[in-house]
Amino acid sequence: MNKKYAIHSQGWDESDEDSYKTLSKDEMDALRVLKPRSFATLNAWWIVCIQAVFTLVIAFACFIFSELSERSVYTYSALVGGSIGFLPSALFLMRIEAAKRTNKTSPGSFLAAVVSGEFIKIFVTIVLFIGFALKLPDLKWIPLLVTYLVTLKCYLLAWFWK
């Protein structure tokens, strides 16, 4: 029984030295040449642009496929839902870019920028939902929420695209 326990207790403390390897600059450059897609970055503003494009596409579909009497309400609801999706994302990106431009770019200050950017994003999203619900009570919630959810799924689309 002691042998069995000794085998399982090796775990994290006694790992193999070959489990990871530090690469030199030349090895990293060679790896970048072999697998350039693994090192590619995606501009976050493209995601916001994709969100805006999906918003316009869904609003156009609502315009085409809705009844003539409610065409403007459905289209406007889709535009509102999409704007609730991409405007807070744009504010978050502006906060991150402002943090990158400052002279003090320590990891702690960048983390604070990310956390404050997320707080701003959540706060603006809640304010927009409440504000549009109170200000425009005739909005149709189905196209609004569908467009909002599609704009949120653009993050997954960008992740798969990379």
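At-a-glance table
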| read-out | value |
| --- | --- |
| Filtered residue count, segment 65-77, keeping only those that are of a type outside the set (Ser, Thr, Tyr) and either modelled with pLDDT of 95 or more or crowded, with 16+ Cβ neighbours inside 10 Å (or both) | 1 |
| Residue list for segment 113-133, filter: within 22 Å of Cys62 (Cβ to Cβ) and surrounded by fewer than 16 Cβ atoms within 10 Å (Cβ to Cβ) | Gly131, Ala133 |
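The values are calculated or read from the model by the stated rules, or taken from the named source; none is laboratory data. These figures come from a predicted structure and were not determined experimentally. Heads up, the Cβs are rebuilt from the backbone with ideal geometry, glycines too, and the neighbour counts pull from every protein chain shown.
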